[in-house]
Amino acid sequence: MNSPEQSAELMSAYLDAELEGDEAEAFDSLLADSPELRDELEDLRKVMQLVAELPEVEAPEDFADKVTRRLRRRQLLAPEGALMGLISLPFQVLSIIVILTAAGLYMMAQLERRPAKIERDQPAVQVPVDDPEALRSGEAPLRPIER
Amino acid sequence: MPGKDAASVTAAESQSAPTVSPPPDERSAADVRDRRLVRRIRNGDDRAFEELVRIYQNRIFGLTLRMIGNRQEAEDLAQEVFLTVHKAIASYRGEGRFYTWLYRIASNTCKNRIKYLRGRNFHRSVPVEDNPEAQGGGDGPVVPLQSQIAGPEAMAQGTRLQDAISRELANLDPEHRLLIVLRDIQGLSYSDILRITGLQEGTLKSRLHRARVALKDRLADYLK
């Protein structure tokens, strides 16, 4: 007498033609003696057949393309792929970066140069000349202070 | 359909869904092809990876769709499986057939996603057979259940039965569902399923039996 576990194993193996010669014969004689077992076996066979006849499933046509696109995105985001990603950035983006960097450097250079220029171009402090008439009219010419 | 062999499916054949068990020499040719592809992928050949995806995409998508029951989710999951394969290919030790390793990754990814989706109270929104693509696309040797009986009413009845099978299959315990998909739908051998699932032979047989009984009980009304 088989345990329920063993019976289950035998039933599966029998349905899948995985029983060895002696085991298959023994199971055949069990079936001959048990109408319930035969009914159970037939029902299971029917279920297996119905399941096997379900339509085959196909992946979408662009499935492989989507996978490779996702793979590339991941490779770009991965640390080891970051440098390669930077290199492969579109030319326009790189150009913008170069232009912005050049503009930034130029502005910094200008800012550094400007105080010196101001100092150089700064006119000497001037005082009005000693012309009473001009002083009165407010149009007195200025003369530079002599240092 | 037992005996369908995933490894024997070439890229072109995979589009037409083979149903015949290949002779051993074809099987070993497929193994050789897979080993070459793996070697090329390890060397950074992205075209080899794309070829591998095209060979196995229908099988893996079929597995994820039957396991998850929602096309969009299943497609995302199948893509994830291939990305994991690419990432982990260096750790593949070449033991056994390549596709059993691929299926192991796929089945573990499915189980993890099912757990995650359960946590988010996810419900399948699109029945497996609702989309025309799921009907085999017209190229494959699909023998729909409807064709067994003639007439429009019989066609509708057959479609209802297919929907019921898909629905009840999707309602099985994930462990049971996986075994039914691998064995009764995809036709993998016991030895392949043992490698994929890591089960003992006795456990596989008894669990497969319980899975079939559970499905039979759920379909009892339709079987009368």
Note to self: Here is a list: A:33, A:43. Which entry is at the interface with another protein chain (Cβ under 7 Å from one of its Cβ atoms) and open to solvent by 60 Å² or more (accessible area, probe 1.4 Å)?
What the structure shows: A:43
Notebook entry, point to check: If residue B:56 passes every condition in (1) open to solvent by less than 10 Å² (accessible area, probe 1.4 Å); (2) of a type in the set (Ser, Thr, Tyr); (3) at pLDDT below 95 but one, which one does it miss?
Noted result: (3)
Check: When the residues of segment B:85-118 are filtered to those that are open to solvent by 50 Å² or more (accessible area, probe 1.4 Å) and within 14 Å of another protein chain (Cβ to nearest Cβ), which remaining residue is farthest from residue B:39 (Cα to Cα)?
Finding: B:87
Margin query: Residues that are of a type in the set (Val, Ile, Thr) and modelled with pLDDT under 95: does segment B:154-177 have at least one?
Written below: yes
Notebook entry, point to check: Quick check: is even one residue across segment B:122-142 of a type outside the set (A, V, I, L, M) and modelled with pLDDT of 75 or more?
Noted result: no
Margin query: Are there helices (runs of 4 or more DSSP H) fully within segment A:46-122 with at least 3 residues that are surrounded by 10 or more Cβ atoms within 10 Å (Cβ to Cβ) and modelled with pLDDT of 85 or more? List them.
Written below: A:63-77, A:91-121
Next item on the list: Just name the residue that is farthest from residue B:187 (Cα to Cα) out of those in segment B:90-114 that are free of Cβ contacts under 8 Å to residues at least 40 places away in the same chain and in a loop (DSSP other than H, G, I, E, B).
Entry: B:93
Margin query: Between B:219, B:172, which is under 17 Å from residue A:45 (Cα atoms), touching a helix residue (DSSP H, G or I) at 6+ places or on another chain (Cβ under 7 Å) and within 12 Å of another protein chain (Cβ to nearest Cβ)?
Written below: B:219
Item checked: All positions within segment B:173-224 that are surrounded by fewer than 19 Cβ atoms within 10 Å (Cβ to Cβ) and not in a helix (DSSP H, G or I) -> B:173, B:189, B:198, B:199, B:200, B:224
Check: Can you tell me which residue in segment B:18-44 is modelled with the lowest pLDDT, limited to those that are within 14 Å of another protein chain (Cβ to nearest Cβ) and touching a Lys or Arg at 6+ places or on another chain (Cβ under 9 Å)?
Finding: B:18
Notebook entry, point to check: What tally of residues in segment A:1-19 results from selecting those that are within 13 Å of another protein chain (Cβ to nearest Cβ), modelled with pLDDT under 90 and loosely packed, with under 11 Cβ neighbours inside 10 Å?
Noted result: 2
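The values are calculated or read from the model by the stated rules, or taken from the named source; none is laboratory data. These numbers come from a predicted model, not from an experiment. Cβ sites come from the backbone with ideal geometry, for glycine too, and all protein chains shown count toward neighbours. The area values use the complete protein model at the heavy-atom level, side chains included, leaving out ligands, DNA and RNA. Shrake-Rupley method; radii C 1.70, N 1.55, O 1.52, S 1.80 Å.
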